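Bear in mind these aren't lab numbers, they're just calculated from the coordinates by the rules spelled out. Quick caveat, the model's predicted, so the values are computed rather than measured. Here the Cβ positions follow ideal geometry from the backbone for every residue, glycine too, while neighbour counts run over all protein chains shown.
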Protein chains: 2
Amino acid sequence: MINPSSILSGDRRALARLLTQIENGAPEAESALAALFPHTGRAHLIGLTGAPGTGKSSLVNELTKTLRSQNHTVAILAIDPSSPFTGGAILGDRIRMRDLAGDPGVFIRSMASRGSSGGLARATADAIKALDAAGFEKILIETVGAGQAEVDIARAAHTVLVIEAPGLGDDVQAIKAGLLEIADVFVVNKADLPGAENAARALRASLDLAHPVARTWADDKMRGHHQPTFNSTPEPVKSEKDLTGLRWNPPILQTVALEGQGITEVVEALEQHRHHLHASGELKQREREGLAYELKTRLREALFAEMLTRLGNGKLNAVVERVLAREVDPASAARQLAKDW
Amino acid sequence: MINPSSILSGDRRALARLLTQIENGAPEAESALAALFPHTGRAHLIGLTGAPGTGKSSLVNELTKTLRSQNHTVAILAIDPSSPFTGGAILGDRIRMRDLAGDPGVFIRSMASRGSSGGLARATADAIKALDAAGFEKILIETVGAGQAEVDIARAAHTVLVIEAPGLGDDVQAIKAGLLEIADVFVVNKADLPGAENAARALRASLDLAHPVARTWADDKMRGHHQPTFNSTPEPVKSEKDLTGLRWNPPILQTVALEGQGITEVVEALEQHRHHLHASGELKQREREGLAYELKTRLREALFAEMLTRLGNGKLNAVVERVLAREVDPASAARQLAKDW
């Protein structure tokens with residue numbers, strides 16, 4: 001087992017080994033993570049997402065350089081979308097390493113999963129905890145924006161930055177629509193290209209259209225049920241902005257990451273959002289929701305593992321054969337198995 | 001409840017209503033689906049995936065036209081990646097409708113989920129069953145390729161078609177890597193653009209490099225455990241190609257979908273793959289694995305729902321507060337709850 005105190009005292013190689021264990025789903029990681037958990041909750045968790053072609057990696061690079069010039073320690077966690085199949089870690093490391101390598105205040109890691117549904121979400125949550133306990137002040141969690149990975153990021157991060165660029169195709173615009181609701185800060189990168197002003201304007205118009213759901217944390221609190229509730233129906237990805245007069249209005253900023261333009265303003269917006277979270281009490285609420293979601297996810301897995309152990313393969317395979325023969329449908333079969341147990 | 005016999009007899013409005021219920025996770029859908037399930041298993045399920053910008057929607061359009069000219073009935077199910085947030089259904093319907101609307105042998109539907117993890121996978125599986133029971137011979141399941149949705153497609157489809165295009169950026173290439181392992185047929189679309197030959201060549205080289213895992217269905221069968229096993233570790237997305245002399249070598253085809261070029265060849269390749277699945281016995285194996293996976297997913301949800309009902313919110317919220325106070329870590333808390341139960 002990796003000694004948790006080496007990680008707490010800044011041993012980068014121990015941290016890297018733990019992250020590898022987390023990525024591989026190694027059981028040894030669990031006790032280290034349990035020991036590190038009391039030391040988490042200090043970092044500012046920043047999710048960054050955007051469609052392919054928006055220049056996300058360059059932006060993350062530049063943000064890191066600016067954060068470093070302000071003496072913040074920075075960890076970058078790149079979530080690799082190709083991972084369910086290859087287990088490879090491809091995203092952006094190559095370029096990035098050139099600029100940031102050798103700086104002990106920066107730690108860069110790509111994260112892949114081994115194909116299990118939910119595996120990547122769990123690994124990401126664990127990796128964030130390890131980096132948080134290791135003392136990094138800013139943890140940048142980066143994904144290519146299209147799907148469940150972004151929902152999971154939104155649940156885990158304090159501040160979500162969505163990256164756009166002018167002139168992307170229809171498919172990309174479709175992806176964009178889904179990101180509107182989770183963004184705290186928007187960046188239109190490649191702002192030197194034609195159409196950047198239009199992209200920013202379209203974004204503003206979409207934002208104004210997207211009326212947030214009326215249910216807010218403040219509302220819930222007044223009704224006396226400000227804790228997350230457990231049920232199996234979908235829940236909002238994050239608490240809506242509060243209505244206590246401290247409502248956050250997502251800014252739309254323009255950058256040219258490759259030339260370092262507009263980066264300081266983005267770092268400032270991230271910092272302002274962090275202040276907002278503290279001042280409004282939303283930070284605690286996001287943390288509660290994130291941990292509640294994580295607990296539910298893990299509970300679901302733990303229950304299932306427990307059941308498989310006790311029930312054995314034979315019984316389950318027999319049910320699969322009945323389903324295959326169309327004697328029973330999968331939903332009814334699952335319900336019956338759960339009830340019988 | 002929707003009368004299952006209306007769907008079996010070709011009532012499109014009943015089918016559309018059922019799909020809406022499925023999408024909304026309405027419990028009424030369950031009994032209809034249970035009644036329809038014995039009538040499934042006849043359609044050829046074709047998954048189509050590709051990064052944004054590859055011209056996927058145009059290709060699906062053209063494939064549909066060619067399949068129609070051969071008198072096949074076709075259902076198109078477009079999985080909407082923006083769905084976890086907006087519940088909207090955006091993908092490609094607009095263009096498509098122009099060409100294919102009014103043809104009773106074509107049915108087009110976008111599918112979104114309401115934010116629950118796994119909800120989209122379940123809804124997709126159910127929608128496929130509904131379309132299958134409704135008698136469509138070809139069901140085209142379309143996603144924007146980046147992540148878990150593709151794994152789920154690969155589990156559900158018989159034939160997976162991966163769409164590429166020349167001249168896409170680095171991010172897109174990273175996505176591509178993950179799709180190599182699930183493809184049965186490759187299409188390089190926009191083959192009139194510079195770089196198409198290179199893209200096809202690079203694809204061929206990557207394919208040659210990607211040695212398939214030695215474990216095959218044929219191997220398993222010889223060892224006497226050809227049924228899917230249940231455990232909580234990741235499993236291969238699909239059975240590897242068999243080694244019975246009927247090994248499938250994924251073809252790489254070139255198309256210009258916007259001009260209808262190369263489409264007939266793609267339809268032929270899909271048909272050949274279907275024949276291969278029948279001849280090699282792989283069809284039954286894929287179906288078994290797909291249904292086993294679905295059963296497991298549903299069982300996991302059913303168990304969790306059962307537990308929440310019996311345990312109640314109070315107990316779980318108390319645990320969340322302990323986690324928030326860093327008295328216990330989420331993994332240990334989940335394990336303890338599952339064990340106690």
If the limit is 29 Å between Cα atoms, which of A:LYS315/B:LYS339; A:LYS284/A:LYS339; A:LYS65/A:LYS129; A:LYS129/B:LYS56 go over it? A:LYS284/A:LYS339; A:LYS129/B:LYS56
Label distances, nm, B:ARG326 versus same residue in remaining copies, Cβ-directed 7 Å point: 5.9
Karplus-derived 3J(HN,Hα), 6.51/-1.76/1.60, for each residue of the range B:49-61, Hz, glycine and proline x: 9, x, 5, x, x, 8, x, 4, 4, 4, 5, 4, 3
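Averaged over its residues, how many other protein chain Cβ atoms are within 10 Å of peptide B:29-38's Cβ atoms? Before the final figure, lay out each step's value.
Details: counts 1, 4, 3, 0, 4, 6, 1, 1, 8, 5.
For peptide B:29-38, the averaged partner shielding equals 3.
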Starting from a label point 7 Å past Cα on the Cβ side, list the distances from B:GLY10 to the same position in the other copies, nm, shortest first. 7.6
For A:HIS275, place a label point 7 Å out from Cα along the Cα→Cβ vector, do the same in each other copy, and report the separations in nm, one decimal, smallest first. 7.1
